[in-house]
Amino acid sequence: MSVPPSSLDFGSDSDDFQAIVAQQRREIMAAKALDSDLDFAFNLQLQEAISASLTLPHQPSLSSTVVSESKKNKDVSNFPDLLSYEMLKLEQELKDKAVSETEFKKLKNDLHRRIHDHKVALEISRMPEEEWEDWGDNFERPFGEGSSEGVNDEIFRVYFKGLVEKQLPEGTLLSGIGVAVCDSRDEVLFELRKPLVGNGSSRQRAEMRALVEGLNAALELELKRVTFYCDYYTIFKFVTGQWSTRRRKVSALISQVSHLQEKFTYCQPSLVARKDIKFAFKLAREAIISQVCKAAESSDSRNSYETCVICLEDTNISQIFPIDDCMHRYCFSCMKQHVEVKLLHGMLPTCPHEGCKTKLKIDSCSKFLTPRLIEIMSQRIKEASIPVTEKVYCPYPKCSALMSKSEVLEYSKSALEGAARSGARNCMKCNGCFCIDCKVPWHNNMTCSDYKRRNPYPHPEEAKLKNLAATNMWRQCVKCNHMIELAAGCYHMTCRCGYEFCYTCGAEWKNKKATCYCPLWDEENIVDGEFDEEEEEEDDEEYYDSDSDVYW
């Protein structure tokens, strides 16, 4: 059994849902047949139009126009094919889930039967010889309703292991987890090996994800009393609540483990040696080896399918996107999610390969992006093309167009006399007049200092931003007014415009030296990155020990 139990979550109406999917696929096939008939009729009309255009000496562009229209219609006709493919894929996933659920139910019933048989065997072994001779032939404990009560009396064992290894020569990090659920006699009831997807995975996250999978497996098997064994001292301190971490992802997994523990009648951790969890270790190693073998087979194969290294799905080669310049390849679905996340976080997307800085081009990305995402990406490219010190936004809330100071000056010279001297500018989008110095609507017959004196209170939106900055202790660059937050590290800040200053007092740094006497760092802000080596990870990270109320 290699299907994670956490994925078995469909309800009683899954058959109805599968019937709906099948009906929709039939409708798509009918629409596809109708489109093919319409395309045939349209092509006949195109051929007649092309033949007629050849007889006209002054209309050479008609044939090319007709061909382009034909190509456009052909591209549109491919949509039912893609939709039909997605429906087939969804149907297959539903069938696979149904098979997984059936197999898992068989496994659970087999577990209850084995526990029942073991209890009966113990009763027989403890029965006196005289009593067995008198009525031993009539002794029975039928398996059925009520026979699974013994499951809740026994304490089962959950072994888990998460591994992260660097594969040479590419230096790619591969992660895998192994889980083994055993009874009190260490007989294996359930085993799981699973690769973890994602670049830069740490050992701590791999260990915690393996523990989450193990506890979910025990819940699916309806085991109420478990002990989970780990060989990693740091993880043991985490799950017992003696230490806490500042890493958000690890902290979220610790909270998830605590929530799962509440669902058991009894659930306690136990710290053991590596040799005591060697079976789970073996499963995690097999999960990593399977990734290496699968990647090797994919590189040698010459068929029409290719494995995406992000989702590890075998995808039709027509749905694989090769990135320009670096030529790293990923499926359309993963690329769309990657680009969407980067754009929504205000960043210009690059190649998702670890360490690759190749920028994505909007022309090639239009194959898998929606019109809305294409518009956002165009905006991000424009923002990146303008230096930080040259950026200016229209102050009118209904516009807020992005412009550069040089281009808005050239645009305003034709409409406003003395624009360069007065500071008045016209927005290139809404044509509204504003002050380039104050970044507010134009204050006619009034200097900037007079305007600020008569309007001492900022706009409500600006006041909210300043209050939020004061609450979160953000700092504003005096050169470009960009807001900065210190997440970790020392107080020497370098803004995106290149200006260096002290985060504590705002004093400028000159020649890589401070001009103030503020401390360079605070110990609580020094948080190390994630290392692959176990010794570095355990020695350098900072944890909170609740027993002594100190950080370690």
Looking only at the range 96-110, how many residues end up being over 19 Å from V188 (Cα atoms) and without any contact (Cβ under 8 Å) to a residue 12 or more places away in the chain? 3
Taking T240 as the residue in question, decide whether it is surrounded by fewer than 21 Cβ atoms within 10 Å (Cβ to Cβ), closer than 25 Å to K105 by Cα, of a type in the set (S, T, N, Q) and modelled with pLDDT of 90 or more. no
Looking only at the range 383-425, which residues are farther than 19 Å from W442 by Cβ, in a helix (DSSP H, G or I) and modelled with pLDDT of 80 or more? E390, S406
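Residue-wise test of (1) β-branched (V, I, T); (2) without any contact (Cβ under 8 Å) to a residue 24 or more places away in the chain.
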{"position": "F368", "(1), (2)": "no, no"}
{"position": "Q379", "(1), (2)": "no, yes"}
{"position": "V388", "(1), (2)": "yes, no"}
{"position": "S400", "(1), (2)": "no, yes"}
{"position": "E410", "(1), (2)": "no, yes"}
So the strands (runs of 3 or more DSSP E) completely within the range 245-357 holding 1 or more residues that are among the basic types (K, R) are 329-331
Those residues of the range 126-158 which are at pLDDT 75 or above and assigned to a helix (DSSP H, G or I), in sequence order: R126, E129, E130, E131, E133
Among the residues of the range 523-543, is there at least one that is at pLDDT below 80, exposed (fewer than 13 other Cβ atoms within 10 Å of the Cβ), among the small types (G, A, S) and more than 30 Å from E165 (Cα to Cα)? no
Go through the residues of the range 216-224 one by one and say whether even a single one is at pLDDT below 95, within 12 Å of R157 (Cα to Cα) and not in a helix (DSSP H, G or I). yes
For the range 310-319, what are the residues that are under 17 Å from K367 (Cα atoms) and touching a Phe, Trp or Tyr at 6+ places or on another chain (Cβ under 7 Å)? T315, N316, I317, Q319
Would you confirm, using the coordinates I've provided, whether Q256 is under 26 Å from the mean Cα position of the chain (by Cα), in contact (Cβ under 8 Å) with a residue 12 or more places away in the chain, closer than 30 Å to H112 by Cβ and surrounded by fewer than 18 Cβ atoms within 10 Å (Cβ to Cβ)? yes
Exclusive hit being surrounded by 13 or more Cβ atoms within 10 Å (Cβ to Cβ) and either within 38 Å of the chain's Cα centre (by Cα) or on the phi > 0 side of the Ramachandran plot (or both), set K367, K357, K405: K405
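The values are calculated or read from the model by the stated rules, or taken from the named source; none is laboratory data. As the structure is a prediction and not an experimental result, all values here were calculated from the model. Because the Cβ atoms are built from the backbone with ideal geometry, glycine has one as well, and the counts that use them run over all protein chains shown.
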